[in-house]
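Peer 1: Before we start, here is the structure in question, set down as structure tokens.
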2 protein chains.
Amino acid sequence: MSILIKNVILTDDHGFGNRSVNVLVENKIIKKITEECITADEIIDGRGDLLIPGFYNTHCHAAMTALRGYADDLPLDRWLFEKIFPAEDKLTERIVACASELAVAEMIRGGVVSFSDMYFFMDETARAAINSGIKLNLSRGYTSDANTTPENDFRFNETLDLLSKFNGAEDGRIIVDMCIHGEYTNAEAPMRRIGEYAKEHGLGIQIHVSETQNEHEQCIARHGMTPIAYFESLGVLDASVCAAHCVKVTDGDIAIMAKHGVSASHNPVSNLKLGSGIMPVRKLIDGGVNVALGTDGASSNNRLDLLREMQLAALLHKGAQEDPTVTNAREMLKIATENGAMAQGRSDCGRLEVGYRADLVLISVDELNNIPLYDKYSMLAYSARSSDVRMNMVDGRVLYLDGEFKTLDVEKIKYESKRTLKDFFI
Amino acid sequence: MSILIKNVILTDDHGFGNRSVNVLVENKIIKKITEECITADEIIDGRGDLLIPGFYNTHCHAAMTALRGYADDLPLDRWLFEKIFPAEDKLTERIVACASELAVAEMIRGGVVSFSDMYFFMDETARAAINSGIKLNLSRGYTSDANTTPENDFRFNETLDLLSKFNGAEDGRIIVDMCIHGEYTNAEAPMRRIGEYAKEHGLGIQIHVSETQNEHEQCIARHGMTPIAYFESLGVLDASVCAAHCVKVTDGDIAIMAKHGVSASHNPVSNLKLGSGIMPVRKLIDGGVNVALGTDGASSNNRLDLLREMQLAALLHKGAQEDPTVTNAREMLKIATENGAMAQGRSDCGRLEVGYRADLVLISVDELNNIPLYDKYSMLAYSARSSDVRMNMVDGRVLYLDGEFKTLDVEKIKYESKRTLKDFFI
């Protein structure tokens with residue numbers, strides 16, 4: 001089965017300028033990018049719009065969509081202890097299933113082709129991803145104390161169960177990662193064991209790292225080291241790690257991250273909304289760290305909109321450092337796409353190149369906010385809206401096109417979400 | 001002619017909770033807000049969506065939409081002197097007309113009911129506003145040097161001409177303000193004269209104030225005073241002033257602004273994108289200053305999307321001050337609506353209350369990103385998208401409803417903009 005996405009424009013690194021090109025997709029893969037007239041089994045008319053690699057959301061808790069808008073504008077400790085933790089205690093498989101479906105639909109609508117998720121009842125989130133066609137790196141949220149022995153711990157065993165059921169499923173679309181929720185929610189021995197297990201089995205690890213000043217300082221008080229240095233000392237960074245937030249990382253941390261190939265998931269909306277601060281993104285990039293983007297959960301965002309995340313990243317560091325050259329639009333697109341795929345261990349994804357997986361997004365240039373079009377990178381980083389996404393394709397399969405979800409019954413998802421989620425926690 | 005907007009929900013300050021209400025509009029005015037069944041000449045079905053006051057954009061250069069994406073990621077001086085000023089030298093009435101129409105259409109689509117504008121060829125921007133139905137506070141950008149005598153200066157005379165033609169036009173929908181572009185682009189005597197003239201005739205003044213550290217410090221070096229203190233010393237603040245940016249204002253400036261009733265137009269996207277910095281918004285509000293929101297021009301934004309501006313303001317200060325309680329969602333809605341109307345001198349606008357002008361916006365709650373709906377203020381400040389705007393009504397006239405522009409031929413505007421604006425400056 002072949003699909004031709006005809007009459008599109010590409011970003012300038014492709015060398016076509018604003019000339020119309022045709023992109024042929026076959027068996028999940030980008031087969032040809034050409035100005036020639038070719039044909040295929042199915043044809044999608046690009047109508048002169050901009051085709052780019054899809055967005056990779058490298059840090060999310062999809063099920064927390066159930067708590068969107070439930071507890072905003074509170075101090076972090078009241079938010080967590082009075083609202084979020086008590087609500088999470090009431091979560092059921094049914095709520096997680098429903099909220100995951102809602103989250104996946106929102107992400108597909110906004111051009112997200114793949115997301116990393118850390119939570120519980122992860123079978124439900126896996127099913128939502130499998131049914132929808134989106135890519136997923138799932139991890140069972142892992143916390144422990146000094147008495148925990150991983151092999152006898154239900155959280156660890158759930159991870160083993162998820163690995164056997166889902167890792168590599170759907171021709172690699174679903175990947176199972178290990179998880180260390182954070183340094184402050186785990187004991188030393190279990191973290192060492194998870195690092196070893198991940199390294200032995202070639203698995204990734206999702207971790208929250210240095211999200212807040214408190215977390216960062218308490219780790220130093222406990223261990224005489226920053227969280228990154230502590231994780232290095234435990235051997236955890238010998239596995240393939242994606243570290244979410246990294247707001248408070250030091251220059252020394254950045255050197256350690258680069259040395260071990262740790263990816264940093266930048267979550268600017270969540271970090272602002274919770275009052276955590278601003279990641280030193282320029283230092284991380286210049287230090288050789290693979291920086292990607294994430295939305296975090298909808299309770300601290302409140303959208304799952306990676307384009308918005310990219311646009312905030314494009315603006316924020318210029319303003320915070322009072323220097324408009326700190327970041328640039330082209331670099332931001334790379335962070336949102338190629339670097340995200342790399343953070344998820346998907347080396348054949350994230351680029352619009354022959355031989356790569358066809359994870360593609362079509363953005364309408366015919367919107368009031370995108371006219372005139374001088375610079376396609378600027379359009380993406382500063383003016384496009386997630387509602388300008390016309391098409392979302394994952395592994396060569398169209399998930400969304402011109403208002404229509406191809407794999408999901410979105411009216412049913414909205415109806416079920418309204419009926420099931422609202423007022424559940426109150 | 002009466003219009004009933006039936007079956008809507010309102011924000012919680014109205015006391016209806018989530019119950020369905022009907023809003024009756026007659027002769028431009030909100031006549032009745034009731035749970036009772038009533039009827040009218042025309043009925044708009046709210047379908048349970050959220051009706052709010054429209055957004056007031058208190059700082060814009062609409063014609064700079066022509067330069068959207070034309071010069072991004074550059075240092076401020078190169079941006080201005082190599083790109084923006086040379087391009088502006090080539091601007092024609094036709095370009096300003098076309099770019100203003102494009103800007104107005106984008107603003108209407110995003111729920112902006114009124115905008116303040118500072119530029120030149122302002123007849124064209126006035127016409128775009130008059131034809132579209134949006135409200136406008138226009139001002140002719142005013143710069144001067146030591147040799148300028150306002151009464152013999154074409155810029156001043158253009159302002160007098162605009163006053164006679166447009167001030168109070170369309171039953172008050174169009175207001176003409178005076179302008180002082182900035183302290184750094186004007187000489188003392190003309191600024192004094194503009195202050196006097198505005199005061200004598202009860203006119204507002206639009207000014208750029210303390211946008212950058214350079215501007216702020218150079219004023220101190222020149223006059224031994226901050227820009228705000230200097231404007232006070234010239235008598236300028238005795239008129240009704242809307243000061244754009246105020247990024248670098250001091251505690252002393254804030255006290256002066258509060259004393260004189262100066263409004264501050266917060267432009268967070270532009271201030272970040274140009275590397276200007278972050279306005280001390282909490283200090284301004286706590287100091288008694290009327291803080292409103294603005295987009296600035298599309299060349300430093302690159303959208304004219306006040307909801308995005310409100311959402312960035314809602315997030316930014318929490319993160320910059322590392323305190324999630326610095327601002328709250330409800331306060332942000334007031335800044336985007338009521339405070340904006342006040343900054344424009346429109347005391348009968350900006351609130352959804354009986355007797356106020358019917359400047360109303362309907363936001364769809366049935367979007368993936370707005371489900372579940374726990375808190376309507378949170379929805380507006382954190383999760384809604386400008387594409388969720390279903391209706392934009394100004395002075396009781398529907399300008400946009402469910403995909404249809406009622407006063408503009410948007411396909412023609414897009415076609416003309418693409419033909420006229422692109423490549424003009426290169």
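The values are calculated or read from the model by the stated rules, or taken from the named source; none is laboratory data. Computed from a predicted structure; not experimentally measured. With ideal geometry, Cβ positions are generated from the backbone for all residues, glycine too; neighbour counts draw on all protein chains shown. The protein model used for the area step is the full one, side chains on, heavy atoms only, and it has no ligands, DNA or RNA in it. Shrake-Rupley method; radii C 1.70, N 1.55, O 1.52, S 1.80 Å.
Peer 1: Might you tell me the accessible area per residue for chain A, computed with a 1.4 Å probe and given in Å²?
Peer 2: Per residue, chain A has an accessible area of 33 Å².
Peer 1: Taking the dipole about the Cα centre of the protein assembly as shown, with the C-beta of Lys and Arg at +1 and of Asp and Glu at -1, give me whichever of A:44, B:113, A:23 is farthest to the positive side.
Peer 2: A:44
Peer 1: Okay, moving on. Under a 10 Å cutoff between Cα atoms, tell me which one of A:135, A:412, A:334 has the largest fluctuation in the Gaussian network model of chain A.
Peer 2: In this elastic network of chain A, the residue with the biggest mean-square fluctuation among A:135, A:412, A:334 is A:412.
Peer 1: When the helices in chain B are scored as -39500 (n - 2.57) per DSSP H run of 4 or longer and the sum is shared across all residues, what 222 nm value do you end up with, to the nearest 500 deg cm²/dmol?
Peer 2: Working: 15 runs with 144 residues, N = 426.
Helix contribution divided over all residues of chain B: -10000 deg cm²/dmol.
Peer 1: If the elastic network links every pair of Cα atoms under 10 Å, which of B:392, B:328, B:147 fluctuates the most in the Gaussian network model of chain B?
Peer 2: With Cα springs under 10 Å in chain B, the top fluctuation among B:392, B:328, B:147 is at B:147.
Peer 1: Which whole-number percent gives the relative contact order of segment A:297-388, counting Cα pairs below 8 Å spaced six or more residues apart?
Peer 2: It comes to 30 percent, rounded to a whole number.
Peer 1: Considering only the other residues whose Cβ falls under 13 Å of the Cβ of residue B:13, what net charge follows from Lys and Arg at +1 and Asp and Glu at -1?
Peer 2: Around residue B:13, the surrounding residues sum to -1.
Peer 1: Here's a follow-up. If the cut-off is a Cα-Cα distance under 18 Å, which lysines reach residue A:135, setting aside same-chain residues fewer than 8 apart in sequence?
Peer 2: A:28, A:165, A:406
Peer 1: Now for a different question. By Cβ position, which chain A residue lies least far from the axis that rotates chain A onto chain B, and what is the distance to the nearest whole angstrom?
Peer 2: Per the Cβ-to-axis criterion, the result reads A:387, 2.
Peer 1: Considering only protein heavy atoms and a probe of 1.4 Å, how much of the accessible area of segment A:241-292 is carbon and sulfur, as a whole percent?
Peer 2: Ligands and nucleic acids excluded, carbon and sulfur reach 55 percent.
Peer 1: Using θ = phi - 60° and the Karplus form 6.51 cos²θ - 1.76 cosθ + 1.60, what ³J(HN,Hα) does each residue of segment B:343-354 get, whole Hz, x for Gly and Pro?
Peer 2: For segment B:343-354, the Karplus curve yields 4, 8, x, 10, 6, 9, 10, x, 10, 8, 9, 4 Hz.
Peer 1: Could I ask something else about it? What is segment B:150-252's relative contact order, in percent, from Cα pairs under 8 angstrom and six or more apart in sequence?
Peer 2: Value for segment B:150-252: 26 percent.
Peer 1: Related question: With axes computed from alpha carbons, what is the tilt in degrees of helix B:188-201 against the longest principal axis of chain B, rounded to the nearest 10 within 0 to 90?
Peer 2: On a 0 to 90 degree scale, this one is about 40.
Peer 1: While we're on this one: Assuming R0 = 51 Å, what is the FRET efficiency of residue B:130 and residue A:36, from their Cβ-Cβ distance, to the nearest 0.05?
Peer 2: 0.55
Peer 1: Indicate, rounded to the nearest 5 percent, the antiparallel portion of the DSSP beta bridges found entirely in chain B.
Peer 2: Rounded to the nearest five, the antiparallel share is 40 percent.
Peer 1: Using a 1.4 Å probe on the protein heavy atoms, what percent of the accessible area of segment B:333-426 belongs to carbon and sulfur?
Peer 2: 46 percent
Peer 1: Would you tell me the mean number of C-beta atoms belonging to other protein chains that fall within 10 Å of each C-beta in A:374-386, as a whole number?
Peer 2: Values: counts 12, 7, 1, 3, 7, 4, 1, 5, 11, 10, 2, 7, 3.
Mean shielding count: 6.
Peer 1: In debye, nearest 20: dipole of the protein assembly as shown around its Cα centre with unit charges on the Cβ of K, R (+) and D, E (-)?
Peer 2: 680 debye
Peer 1: Which of B:170, B:322, B:232 moves most in a GNM of chain B, Cα contacts under 10 Å?
Peer 2: Result for chain B, Cα springs under 10 Å: B:322 fluctuates most.
Peer 1: With unit charges on the beta carbons (Lys and Arg positive, Asp and Glu negative) and the dipole taken about the Cα centre of segment A:100-238, which residue among A:132, A:194, A:224 sits farthest to the positive side?
Peer 2: Result: A:132.
Peer 1: Follow-up. Relative to the longest principal axis of chain A, what angle (0 to 90°, nearest 10) does the C-alpha long axis of helix A:154-166 take?
Peer 2: Helix A:154-166 sits roughly 20 degrees off the main axis of chain A.
Peer 1: Along Cα-to-Cβ, 7 Å out, sits the label point; list in nm, shortest first, how far the one on residue B:404 is from those in the other copies.
Peer 2: Ordered by increasing distance: 2.4 nm.
Peer 1: On a 0 to 90° scale, report how tilted helix B:410-420 is relative to the longest principal axis of chain B, with both axes built from alpha carbons and the result rounded to the nearest 10.
Peer 2: 30 degrees
Peer 1: Where Lys and Arg each count +1 and Asp and Glu each count -1, what net charge lies around residue B:81 among other residues with Cβ under 12 Å from its Cβ?
Peer 2: -2
Peer 1: Ordered by residue, what ³J(HN,Hα) values in Hz, to whole numbers, does segment B:130-144 give under the Karplus form 6.51 cos²θ - 1.76 cosθ + 1.60, where θ = phi - 60° and Gly and Pro are x?
Peer 2: Once rounded to whole Hz, the list reads 4, 5, 7, x, 6, 8, 8, 9, 9, 9, 7, x, 10, 10, 7.
Peer 1: Convert each backbone phi in segment B:167-176 into a coupling constant with the Karplus relation 6.51 cos²θ - 1.76 cosθ + 1.60 (shift: θ = phi - 60°), then list the ³J(HN,Hα) values in order as whole Hz, x for Gly and Pro.
Peer 2: Once rounded to whole Hz, the list reads 5, x, 4, 6, 6, x, 5, 9, 10, 9.
Peer 1: With a 1.4 Å probe, how much accessible area is buried between chains A and B, both sides summed, in Å² to the nearest hundred?
Peer 2: Buried surface at the A/B interface: approximately 5400 Å².
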